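Throughout, read-outs are computed from the coordinates displayed, never taken from laboratory work. Since the model is a prediction, treat every value here as computed from it, not as a measurement. For neighbour counting, all protein chains shown are included, and Cβ atoms are generated from backbone atoms with ideal geometry for every residue, glycine included.
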Amino acid sequence: MPGPRSEELLVRQRAAVPRGIGSVLPVFVSRAAGGLVVDVDGNSFIDFGSGIAVTTVGNAAPRVRARAAAQLERFTHTCFLVNPYESYVAVCETLNRLAPIAGQARTMLVNSGAEAVENAVKVARAATGRPAIVVFDHAFHGRTLLTMSLTAKNVPYKQGFGPFAPEVYRAPMAYPYRWPTGPDRCAEEAADALVDLVDRQVGAGSVAAVLIEPIQGEGGFVVPPKGFLPRVEQICRDRGILMIADEVQTGIARTGTMFACEDEGVQPDLVLTAKGLAGGLPLGGVTGRADLMDAVPAGGLGGTFSGNPVACEAALGVFEEIAEHDLLARARAIGTAMRAALDALRDRHPFVGDVRGRGAMMAIEIVTPDGAPDPERTRRIVEGCHRRGLLALTAGSFGNVLRFLPPLSMPDALLAEGLRTLAEACLASAAGRP
C-alpha cells in the first residue's frame, strides 16, 4: 500500500491539494459499506474509524441514501434563510425531543462541528452578557480561529496560526489515568481546580459558559471519572454560568446513549452535534434552552448552506436507522465486546497502559515501561493495523492513543476480525516486527 491506482491519484493530490491536508491512510476509496472500506486497487479495510465518528449508522445506510436521493430529485437548495422547508424543522424537532435539556428546547442547524461551537459561544455571550469561555486541557473543538483558540493541542492545530481569540480560559481536565494524585482523587480535585479558575482567576461574573466534551475526542478519548460532569453542572448552576456539552464526536448514539452526558443524567444548557448527525453529509446543530436560543435577535444566526435540505433528509434517515435497528443497544454491545478484547491486550502487553471509552467509542493508551506516553510505538501499531487491513486512528495530546470508532452497522464477525487484527499488530510490535 498504496497500490498503483492510489499512487497515481496521490501524485494528482500533491499537485492540487495543500500539504496541510493530510490522510491517515493514503489509499483512495472506491466504495464503502457494512463496516468495510475498499480502495481503488481492490484492497479491503475493516473500518474502525467511521470517518472520525461520522458514519455511525454506516457508510451506505439504506434510509439515509433513500431520503437523500429523494430530496435530490426535488431540489438541492433554497437557503432556509430565504425559503424554509419542512426537513429542517423536522430535524430540529427531533433534536429538541432527544437532547437532555430541561424544559423547552430550540435548535439551529449549521454545517460542521466547529460552526456549532462558534454559534454556541455566540448564544452564550448574547444570553448572559458575559465574555469569558472556560475550556479544558486536552480539549478539541475545531480549527477555525475561535475553535482552535478553544482547542488545547498546539501541534498541528495551533502552531503558527496565532494570535488567538481572547477571553478563553483553560482548566485541568479530569483525566484519571494521568491525574497526579491518582484516579480516586481526580474528580474532586479537578472540580476544585475549575472552581479556583472561575472564582479567583477569571471571576464568575465574567464567565458566559463552560464548554466541555463529556468524553474527549481528539484529546485521547478521556473519560472523566463518575461525579465530575455533575459537579461541573452544579458549579455552573450556582454561578449563573451556562454549561455547553460538545457532543460532536460523542453524540448521536455513539456511546450507547443518544448523548454521552445522559450517562450521569447531566442536563447541559446547550448541546452540540455534528459528525454522526447526517450519515456523512455536512450537518451540525446547536440545541439549547428556548430562552437562551431566543436571546439572539433575528439575523444573528444562520448561514447560506446551514441546514441544507439534502443533509436534513439524511439526518432524518439516521434517526430512523437508530430506531429501527436499536442502534443504542448495538453500541453498548460493541462496547462490551471491544472492552473485553482490549482488556485482554492490556493483560498481555505492558505497553497498553489504559483501556477506556464507552459504547462504540473505545481507546487504548500506549506507554513506555515507566508509564510515559509512547507515540513511536503507537505509530508502529497503527501502521501494522493498516498493513493487515484494519483502518485505525490515533488521538491524544501526546499522540499515544489508539481510538476505535466502528460503525454500529458492523456485523459481529467483522468486529471480531478487526479486534484479532489489532491483537496481531500489537503482538508484532511486542516482538519488534512490522
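When the Cα positions of Ser206, Asn96, Ser429 are compared along the charge dipole of the chain, Ser429 comes out farthest toward the positive end, with charges on each C-beta of Lys, Arg, Asp and Glu. Relative to the 2.2 N^0.38 Å rule of thumb, the range 294-434 has a C-alpha radius of gyration ratio of 1.33.
Taking a ≥ b ≥ c as the square roots of the eigenvalues of the Cα gyration tensor, the range 120-207 is oblate, since a/c reaches 1.5 or more and a/b is not larger than b/c. Relative contact order for the chain: 23 percent, from Cα pairs under 8 Å spaced at least 6 residues apart, divided by residue count. Spin-label model, Asp412 to Asp41: label points 7 Å out along the Cα-to-beta-carbon direction sit 3.5 nm apart. Using the Cβ-Cβ distance between Thr368 and Ala193 with R0 set to 35 Å, the FRET efficiency works out to roughly 0.80. Applying a DSSP loop filter and a limit of 15 other Cβ atoms within 10 Å to the trypsin sites (Lys or Arg not before Pro) in the range 199-289 leaves Lys226. Other residues within the sphere of radius under 12 Å centred on the Cβ of Ala193, judged by their own Cβ, net out at -2 (K and R +1, D and E -1). Using the Cβ-Cβ distance between Asp347 and Met1 with R0 set to 35 Å, the FRET efficiency works out to roughly 0.70. Here the chain is assigned +1 on the Cβ of each Lys and Arg and -1 on the Cβ of each Asp and Glu. Its dipole about the Cα centre then comes out at about 760 debye.
The equivalent ellipsoid that matches the C-alpha gyration tensor of the range 5-105 spans semi-axes of 34, 18, 16 angstrom, in descending order. Think of the chain as a dipole: +1 on every Lys or Arg Cβ, -1 on every Asp or Glu Cβ, centred on the Cα centre; then among Leu9, Cys385, Met293, Leu9 lies furthest on the positive end. Result for the chain in a Gaussian network model with C-alpha springs under 10 Å: among Ala295, Ala208, Ala190, the largest mean-square fluctuation is at Ala295. For the range 87-126, GluC sites (Glu not before Pro) meeting the loop criterion (DSSP other than H, G, I, E, B) and having at most 11 other Cβ atoms within 10 Å: none. GNM remark for the chain: springs join alpha carbons under 10 Å apart, and the peak mean-square fluctuation among Gly384, Gly220, Gly162 falls on Gly162.
Taking 25 °C and 0.890 mPa s as conditions, the range 390-434 diffuses translationally at an estimated 207 µm²/s according to Stokes-Einstein applied to its Kirkwood radius (Cα pairs). Calculate, in whole percent, how much of the Cα-Cα pair population of the range 95-251 lies beyond 28 Å. Result for the distance tail: 16 percent. Arranged from fewest to most other beta-carbon atoms within 10 Å of their beta carbon, Asp347, Asp192, Asp269 become Asp347, Asp192, Asp269. For the range 323-430, chymotrypsin sites (Phe, Trp or Tyr not before Pro) are listed when DSSP marks them as loop and at most 13 other Cβ atoms sit within 10 Å of their Cβ; the list is empty.
Simple rule: put +1 on each Lys or Arg Cβ and -1 on each Asp or Glu Cβ in the chain, find the dipole, and look at Gly220, Ser44, Cys186; the Cα lying farthest toward the positive end is Ser44. Under 12 Å from a label point set 7 Å out along the Cα-to-Cβ vector of Val17, the amide N atoms of the range 26-49 belong to 26-29. Each other residue within a Cβ distance under 11 Å of Arg289 adds +1 if Lys or Arg and -1 if Asp or Glu, for a net charge of -2.
Going from the fewest other Cβ atoms within 10 Å to the most, the residues Ile244, Ile52, Ile46 appear in the order Ile52, Ile46, Ile244. Computed over the alpha carbons of the chain, Rg followed by Dmax gives 21.3, 63 Å.
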